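Input: a single structure, listed below in structure tokens.
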Amino acid sequence: MGLAPPVAAATRKTVLRVIFISLLLDLISFTFILPLFPNLLEFYRNVEADADAAAAPSKTILSSILGYLNAYKAAFARPIDSRYDIVLLGGALGSLFSILQAIASPVIGHLSDRFGRRNALLASMAGNIVSVLLWVVAVDFRTFLASRIVGGLSEGNVQLATAIATDISDADTRGSTMALIGACFSISFTFGPALGAWLSSIGTVAANPFATAAGVSLFLIVTETVYLYLYLPETLPSMVNKPAEVTSSSSATATAAPVQRTNSHFLLNFVHMTFLLFFSGMEFSLPFMTYDLFGYSSANNGRLLGYVGLVASILQGGVTRRLPPLLSVRIGVVSCVVAFALLARASTVPALYVAATCLATTSATVVMGLNALSSFEAAEGERGGKLGILRSWGQLGRGLGPLLFTSVYWWAGREVAYGMGAVGISVVSLLTLFGLKTPPGSAVKVRVKANGRGGDKKEL
């Protein structure tokens, strides 16, 4: 299959700027709610308790969910403190969001291959606006749950930004372009949660004390949508490069031409899912561990996560973007094994921060590297769908990981849970070291001196 003509440098620069600004707005808005979950859910539980006190008790969605969670807690060999009720509920909602993403991501990806990245992204933004608008007016848990469901089914910004990045990059620039998307994550997760927590302290609507944070989130999403509508061009190669006289049948034939693959998409998807299964479980359990061992408050955990985000940002800006994708993935999963081993035995704050540094390395490398590898294994007309399926597998792991990992944590203790995590990530490491191969197009070109003259050499 012939490659699409290279994208002009000016066009690439423009699209990268639009992707970076829009994704930053989107992820900052998305992270507002993360530190608010405990207080949000406690607020809705108290609202229902007050309503039941004033009237005959009734069966609500929230009371039913809490009943199931209490039954789940009762199955553990050792008791779970009631303070974890809200945390378990937050984890259940997080899992619901991820599972909905697993369902929606392939659909969004295939739609972007058929109707264009721009149209698919604007449609996704419309769903995001509805989701955040529901949060603004959510004075009860039912409306808030509807907000999360709509958001889970419509959120496609990250995968579409990744698809757009592959559309406008070639083999030499793919890694640095993916690192730019990763930097958006790190920056957003460094500052977004703190900003969301501060906004939640500003009361504007008595019936919804989180309306200020939700309102600013809505403003950012609407601003992002308008910005994309005005400045994002279409990047899907089949729509941008197709001459007017080419018929739809010949275009379809070109799109359907086979592509030579180095790695199977099944293996890439399986690695992604298995990695996130263990990594997301660790992420979710980390605040419990720091509370139990060091008495950490939300502010302490916020500083820890901010440190992880800052280190990840520095690595993505200075290191990851220069690495071949497969080497980036291998470094990340090995760092994750070290982090799990440290967390299983950590008894001091310095040891905790050494593990956090390893986790920052993992955050800066693995997922973006797998996205880059998947894009090299996909033809131009199927990248959106393949990246959507990759994200779907990952979201499935992210949805199941917290529930499974915390179950082991409470049943068998911290050492066993993190020890099993280290074993699981070790299996992922073996798959990346001996199962995955370097696609020819992902080699990094470096300038070397040969016999006193400059020359290009490919370094894998």
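Please sort 347-357, 378-388 by packing, taking for each peptide the average over its residues of neighbouring beta carbons within 10 angstrom, highest first. Working shown, then result.
Values: 347-357: 15.3, 378-388: 23.1.
Listed from highest to lowest mean packing, they are 378-388, 347-357.
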If I ignore ligands, DNA and RNA and count only protein heavy atoms, how much of Glu48 is accessible to a 1.4 Å probe, in Å² to the nearest 10? 40
What's the angle, to the nearest 10 degrees (0 to 90), between helix 9-31's Cα axis and the longest principal axis of the chain? 10
Among all lysine pairs in the chain that are eight or more places apart or on different chains, how many have alpha carbons less than 16 angstrom apart? 5
Whole-number D in µm² s⁻¹ for the stretch 186-240, Kirkwood Cα-pair radius fed into Stokes-Einstein, 10 °C, 1.306 mPa s: 117
Relative contact order (%) - criterion: Cα under 8 Å, at least six apart; region: the chain: 25
Quick check for me: using +1 on Lys/Arg Cβ and -1 on Asp/Glu Cβ, what's the dipole size of the chain about its Cα centre, in debye to the nearest 20? 1340
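Sorting check: for 186-198, 159-171, which peptide has the highest mean count of neighbouring beta carbons within 10 Å, and how do the rest follow? Can you show the working numbers first?
Details: 186-198: 20.1, 159-171: 24.2.
Order by mean packing, descending: 159-171, 186-198.
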Round to a whole number: what % of the accessible area of the chain belongs to carbon and sulfur, probe 1.4 Å? 67
Output ordering of 59-66, 116-123 (per-residue mean of other Cβ within 10 Å, highest first) is 116-123, 59-66
Rounded tilt (10° steps) of 211-231 against the dominant C-alpha axis of the chain: 10
Accessible area per residue for the stretch 82-224 in Å², computed with a 1.4 Å probe and the full protein assembly in place, what is it? 35
Rounded to the nearest 10, the angle in degrees between the Cα long axis of helix 61-74 and the longest principal axis of the Cα atoms of the chain comes to 90
Over the Cα atoms of the stretch 308-377, Rg to Rh with Kirkwood Rh, two decimal places? 1.04
In whole Å, what is the distance between the alpha-carbon centres of the stretch 12-34 and the stretch 85-105? 23
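The values are calculated or read from the model by the stated rules, or taken from the named source; none is laboratory data. Bear in mind the structure is a predicted one, so any value in this text is a computation, not a measurement. So basically every Cβ, Gly included, is an ideal-geometry build from the backbone, and we count neighbours across all protein chains shown. Quick note on the areas: whole protein, heavy atoms, side chains included, nothing else; ligands and nucleic acids left out. Shrake-Rupley method; radii C 1.70, N 1.55, O 1.52, S 1.80 Å.
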